Amino acid sequence: MAGASRRRPAYRWAAIAAGVPVIAVLAACGGSSKPAYCADRAGLEESVKELPGFVTSADLSGLRTQAETVEEAAGTLVESAKADFPSQTEAIDSSVRSLRGAVAALPPEPTPTQFAQVGVEAATVVSAVRGFSRATESECG
């Protein structure tokens with residue numbers, strides 16, 4: 001009977017060792033039930049928050065850099081969500097293109113009126129992102 005008691009712990013360890021990879025795979029698969037565009041939405045929302053500050057401070061260099069950041073984040077979001085939210089992603093894409101054009105058109109020393117025009121385009125981007133956020137609230141929280 002001494003030999004039998006030694007085998008049981010070995011069987012238990014073998015069963016535990018065999019179960020660990022299965023648990024790891026299940027945990028990896030069930031990590032998040034949210035669609036990929038939820039993370040993309042969060043990234044875009046974060047980058048859009050910075051836009052108004054650059055417009056009101058008349059920081060041309062910062063505005064250009066932030067507009068590029070917004071454009072990249074918007075492109076990522078549009079690609080991940082356009083099949084599920086075509087009208088909202090089109091609104092984002094269109095507004096970001098308009099912002100890009102307005103920023104590109106700024107001269108080296110823009111006037112307050114020129115910055116104001118960029119502010120209008122930035123507000124349109126913010127509005128489009130808010131519309132997408134509302135549309136995805138049930139999926140993304």
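Points 7 angstrom from Cα along the Cβ direction at residue 83 and residue 46: gap in nanometres?
2.6 nm
Quick one: order 46, 139 by neighbouring beta-carbon count within 10 Å, fewest to most. Before the final figure, lay out the partial values.
Details: 46 12, 139 15.
Least to most surrounded, the residues fall as 46, 139.
Mind listing the phi-derived Karplus ³J(HN,Hα) values for region 83-97, rounded to whole Hz, using 6.51, -1.76 and 1.60 with θ = phi - 60°, and x for any glycine or proline?
3J(HN,Hα) across region 83-97, in whole Hz: 5, 8, 9, x, 6, 5, 5, 5, 4, 5, 4, 5, 5, 5, 4.
The numbers here are math on the coordinates, done by the rules we state, and not lab data. Predicted model only: the values in this text are computed from it and were never measured. Cβ: placed from backbone, ideal geometry, glycine included. Neighbour counts: every protein chain shown.
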